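The structure under discussion is supplied below as structure tokens; questions concerning it will follow.
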Amino acid sequence: MKALENNVLQALAKGEPYLWINPSMSDGLSSIRKIRFGMSDISDAEKRLQKFAPLLEKLFPELSSSNGIIESELLAVPAMQALSSSESTEHREVGCEMGKLWIKTDHNLPVAGSVKARGGIYEILCFAEELALEKGLVCETGDYSVLANTEMRDIFERYTISAGSTGNLGLSIGIISAALGFKVCMHMSVEAKEWKKSRLRDIGVTVIEHTQDYSTAVSAGRDAAALDSYAYFVDDENSERLFLGYSVAALRLKRQLRASNIQVDEDHPLFVYLPCGVGGAPGGITFGLKQVFGRAVHCFFAEPTQAPCMLLGMATDFQDNLSVYDVGLQINTEADGLAVGQASKLVGQIMKPILSGIFTVTDDQLFRDLFRLKHSEGIEIEPSAAAGFGGPDFICNSPEGQAYLRHKNLENCMAMANHIVWTTGGRLVPEEDYHQFKKRGEELFNVLTS
Ligand SMILES: *Cc1c(COP(=O)(O)O)cnc(C)c1O
């Protein structure tokens, strides 16, 4: 066991793309039942979001077309699929048919422009509800749009919401909290992009800029909040509310798959590729998907080669609380949403029996895929959101991926498979920033194809 772990650590230290298959995945119902949350927790979260929909519609006019529900489309991307498979790849010797490629377009989620709109907004709504119920200003069966009234705002403004963030969590929490009238203080890590910080300042958020990484920003925020009895700290490393907010995506996806007549069962496997930072977003979504689809769904996380914190944590069973610095890496990545040195142990442990595996991608590949998606489908995403595109190639064309398919008896049904790449952010990226991303991606793409 130790020797195996060391092989994984050595592979990660090289900073090259790598696919790790989770040896503890059991997929048995009994192991899924052992998880501390269940389907009823996901349904509760979904019902809460429905109760809040009229309030959200009032606060954010862009939600009027969806009646206050924050959701993204599921989109087939045939041109992206054709472009990706026409090029030679790192693994192509074995190769199987792949089925069909889709994207879950969270890069386009309204209000916050990233996957963080699911968890971050949900957690603040939970806290607002808690306060409103406590003060007797709303009852559980009542109309939650009264939470926008001045009486409620007067109460909210006594509280300060805070969190540590590499950017997008700060944006999502900042936007909803400010809209409800809370004071907001965000602890931003060194990776946070300038535009994300200035956007927060524009809506009245106090931005504290840390010169160190995300874990440091989180603990600084946690410590500061502990001293203030009117502080509410969203703990990205340990929050159950965030986790359950993310999990609702599974119920929404189930309806979208049905509406598109996409079958998901053991002969029609569903592969889902989720960019991973600290683990809450991909973990919550994976938990939900396994509850909904059981062994028919195969979830893989995607991390930068320079910040494979969840892979490191899960491969060592979180024994020594290793961070990526311990294997000589420096979180040197443009994928700010994934720039995390130490993953959530809470999430990692929940993932142990249900996650299929984790792969890593280089920044060059992120930028190439960002460009490919623009070139083929006209869709604009941020670098972090491109991490999942490495997944299908790893699964279908690498020896480790092939071994996984053989082990799961999937070799003969891959032509019927569906692959969903979760594109997790991008909508709010300023034009000039996107232009730079695209330019870098195009140059790398041209080198590869010339
Ligand atoms: C935060 C983020 C993720 C990953 O979420 P975690 O909860 O940190 O694992 C993925 N993509 C983008 C764009 C993000 O901002």
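Only residues that are within 17 Å of PHE233 (Cα to Cα), modelled with pLDDT under 95 and outside any strand (DSSP E or B): list them for the stretch 184-209, please.
Hit for the stretch 184-209 is SER189, nothing else.
Tell me, which helices (runs of 4 or more DSSP H) lie completely within the stretch 43-157 with 1 or more residues that are within 16 Å of the ligand (Cβ to nearest atom), of a type in the set (Lys, Arg) and at pLDDT 95 or above? Before the answer, list the steps.
Details: elements: 78-86, 116-134, 150-156.
Those helices (runs of 4 or more DSSP H) span 116-134.
Right, here's the next one. Just one of the numbered conditions (1) over 27 Å from PRO275 (Cα atoms); (2) free of Cβ contacts under 8 Å to residues at least 40 places away in the same chain; (3) touching a helix residue (DSSP H, G or I) at 6+ places or on another chain (Cβ under 8 Å) is not true of ASP143; which one?
Here ASP143 meets the rest and fails (2).
Residues of the stretch 323-351 being over 20 Å from the mean Cα position of the chain (by Cα) and without any contact (Cβ under 8 Å) to a residue 40 or more places away in the chain, which ones? Write out each step before concluding.
Taking the stretch 323-351 first, the residues over 20 Å from the mean Cα position of the chain (by Cα) are 325-330.
Matches in the stretch 323-351: TYR325, ASP326, GLN330.
Let me ask something else about it. Condition first: touching a helix residue (DSSP H, G or I) at 6+ places or on another chain (Cβ under 6 Å) and surrounded by fewer than 22 Cβ atoms within 10 Å (Cβ to Cβ). Now tell me which residues in the stretch 423-432 satisfy that.
At the first step, the residues of the stretch 423-432 found to be touching a helix residue (DSSP H, G or I) at 6+ places or on another chain (Cβ under 6 Å) are 423-427, 430.
Within the stretch 423-432, ARG427, PRO430 qualify.
Mind checking whether some residue in the stretch 380-390 is hydroxyl-bearing (Ser, Thr, Tyr) and at pLDDT 95 or above?
Checking the stretch 380-390: at least one residue is hydroxyl-bearing (Ser, Thr, Tyr) and at pLDDT 95 or above.
Out of the residues in the stretch 433-450 that are touching a residue at least 12 places away in the same chain (Cβ under 8 Å) and touching a Phe, Trp or Tyr at 6+ places or on another chain (Cβ under 9 Å), state the one that is surrounded by the most Cβ atoms within 10 Å (Cβ to Cβ). Before you say what the answer is, go through the steps one by one.
As a first pass, look at the stretch 433-450 and keep what is touching a residue at least 12 places away in the same chain (Cβ under 8 Å): 433-434, 437-438, 440-442, 444-445, 448-449.
Filter once more, so that each one left must be touching a Phe, Trp or Tyr at 6+ places or on another chain (Cβ under 9 Å): 433, 437-438, 440-442, 444-445.
Details: ASP433: 15, PHE437: 22, LYS438: 18, ARG440: 19, GLY441: 24, GLU442: 17, LEU444: 20, PHE445: 21.
Among those residues, the one meeting the criterion is GLY441.
Let me ask something additional. Evaluate the following for TYR214: is it within 17 Å of the chain's Cα centre (by Cα) and either without any contact (Cβ under 8 Å) to a residue 12 or more places away in the chain or at negative phi (or both)?
On the way: within 17 Å of the chain's Cα centre (by Cα): yes; either without any contact (Cβ under 8 Å) to a residue 12 or more places away in the chain or at negative phi (or both): yes.
Criteria met by TYR214.
Please verify whether PHE367 is of a type in the set (Phe, Trp, Tyr), in contact (Cβ under 8 Å) with a residue 12 or more places away in the chain and in contact with a Pro (Cβ under 8 Å, 6 or more places away or on another chain), treating the condition exactly as stated. Before the answer, list the steps.
Values: of a type in the set (Phe, Trp, Tyr): yes; in contact (Cβ under 8 Å) with a residue 12 or more places away in the chain: yes; in contact with a Pro (Cβ under 8 Å, 6 or more places away or on another chain): yes.
So PHE367 passes the test.
Six or more apart or on different chains, Cβ under 9 Å: which pairs go from a residue in the stretch 61-85 that's closer than 13 Å to PRO392 by Cβ to one that's among the basic types (Lys, Arg) and outside any helix (DSSP H, G or I)? Could you list them?
Sorted first by the residue in the stretch 61-85, then by its partner, the pairs are GLN81/LYS100.
Kindly evaluate SER376 against the criterion of being part of a helix (DSSP H, G or I), closer than 20 Å to LYS193 by Cβ and among the hydroxyl-bearing types (Ser, Thr, Tyr). Quick ask: steps written out before the conclusion?
Values: part of a helix (DSSP H, G or I): yes; closer than 20 Å to LYS193 by Cβ: no; among the hydroxyl-bearing types (Ser, Thr, Tyr): yes.
Spelling it out, it is not the case that SER376 is part of a helix (DSSP H, G or I), closer than 20 Å to LYS193 by Cβ and among the hydroxyl-bearing types (Ser, Thr, Tyr).
Do the conditions hold for GLY401, that is, is it at negative phi and within 14 Å of the ligand (Cβ to nearest atom)? So that I can check it myself, show each step before the final result.
On the way: at negative phi: yes; within 14 Å of the ligand (Cβ to nearest atom): no.
In short, no.
Turning to a different aspect of this structure: Looking at the stretch 277-294, I want the residues that are closer than 12 Å to MET351 by Cβ and basic (Lys, Arg) and have a partner that is within 15 Å of the ligand (Cβ to nearest atom) and not in a helix (DSSP H, G or I) with Cβ atoms under 8 Å, at least 6 apart or on another chain. Which pairs are those?
Within 8 Å, the pairs are LYS290/CYS299.
Residues in the stretch 166-190 that are in contact with a helix residue (DSSP H, G or I) (Cβ under 7 Å, 6 or more places away or on another chain), in contact (Cβ under 8 Å) with a residue 40 or more places away in the chain and within 16 Å of the ligand (Cβ to nearest atom): how many?
Matching residues across the stretch 166-190 total 9.
So that you can scan it fast, the table gives a plain yes or no per residue for (1) closer than 30 Å to ASP44 by Cβ; (2) touching a Ser or Thr at 6+ places or on another chain (Cβ under 9 Å); (3) within 16 Å of the ligand (Cβ to nearest atom):
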residue	(1), (2), (3)
LYS254	yes, no, no
PRO275	yes, yes, yes
GLY279	yes, yes, yes
THR286	yes, yes, yes
PHE293	yes, no, no
ASN321	no, no, no
LYS345	yes, no, yes
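The values are calculated or read from the model by the stated rules, or taken from the named source; none is laboratory data. A quick note: this is a predicted structure, and the numbers were derived from the prediction, not measured. Cβ atoms come from the backbone with ideal geometry, glycine included; neighbour counts cover every protein chain shown.
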